[in-house]
Amino acid sequence: QVQLVESGGGLVQAGGSLRVSCAASGRTPSRYTMGWFRQAPGKEREFVAATSQSGGNTLYADSVKGRFTISRDNAKNTVYLQMNSLKPEDTAIYYCAARDRLFGSVSAAKYDYWGQGTQVTVSS
C-alpha cells in the first residue's frame, strides 16, 4: 500500500504558473505508475497526466499538452505537475493517484491509491 499527499495548490492569475507536488510513502513508491487527475465543480474527475515507474514515459490529456509537465523524483518519492500558461478552465481540485500496474491508463478506475487533493484556482 502507498499513501499520497498533495501540496502546492493555490490561487494564480490566468497565464501564470504553479507546481503541485505529491509525496508518496509506504510500500516502494517507485514501483507505481503515477498520475494526476482533476475535478472541477459539477464535473467528473478527468485525467491530466501520467508517468511510468522510471519517469521515462509520460502521457497527457490533449487539454494540457504543451502547457503541463509531469515528472517524478524517485529518490524523494515525489511526483510533480508543473503547470504553465494556466487558464480559468484549469480550475479544479487536483488529485495524485498511483497504479500498481503497467503504465498507460487514463481511467481513474484503474488507479489504486489516491491523495486527498489540492485546490488550484485560476482567476481571469
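The values are calculated or read from the model by the stated rules, or taken from the named source; none is laboratory data. All values reported here derive from a predicted model rather than from experimental measurement. Cβ sites come from the backbone with ideal geometry, for glycine too, and all protein chains shown count toward neighbours. The accessibility values were calculated without ligands, DNA or RNA, using every heavy atom of the protein model including side chains. Shrake-Rupley method; radii C 1.70, N 1.55, O 1.52, S 1.80 Å.
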Only residues that are open to solvent by 40 Å² or more (accessible area, probe 1.4 Å) and over 12 Å from the mean Cα position of the chain (by Cα): list them for segment 91-103, please.
Asp100, Arg101, Leu102, Phe103
Consider segment 15-47. How many of its residues are open to solvent by 30 Å² or more (accessible area, probe 1.4 Å) and assigned to a helix (DSSP H, G or I)?
2
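Residue-by-condition table, conditions (1) more than 18 Å from Ser30 (Cβ to Cβ); (2) out of contact with any Leu (no Cβ under 7 Å at 6 or more places or on another chain); (3) touching a residue at least 12 places away in the same chain (Cβ under 8 Å):
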{"residue": "Thr78", "(1), (2), (3)": "no, yes, yes"}
{"residue": "Met83", "(1), (2), (3)": "yes, no, yes"}
{"residue": "Ser107", "(1), (2), (3)": "yes, yes, yes"}
{"residue": "Gly115", "(1), (2), (3)": "no, no, yes"}
{"residue": "Thr121", "(1), (2), (3)": "yes, no, yes"}
Residue hits (segment 1-14; under 16 Å from Asp100 (Cα atoms) and not in a loop (DSSP other than H, G, I, E, B)) are Val2, Gln3, Leu4
I'm trying to understand the selection: among the residues of segment 48-68, which are of a type in the set (Gly, Ala, Ser) and crowded, with 17+ Cβ neighbours inside 10 Å?
Ala49, Ala50
Scan segment 1-14 for residues that are open to solvent by 80 Å² or more (accessible area, probe 1.4 Å) and within 24 Å of Ala109 (Cβ to Cβ) and report the count.
3
Going by what's in this entry, would Gly26 be described as within 17 Å of Val2 (Cβ to Cβ), at pLDDT below 95 and out of contact with any Leu (no Cβ under 7 Å at 6 or more places or on another chain)?
yes
Out of all the residues in segment 69-90, which are open to solvent by less than 50 Å² (accessible area, probe 1.4 Å), in a strand (DSSP E or B) and farther than 16 Å from Gly56 by Cα?
Met83
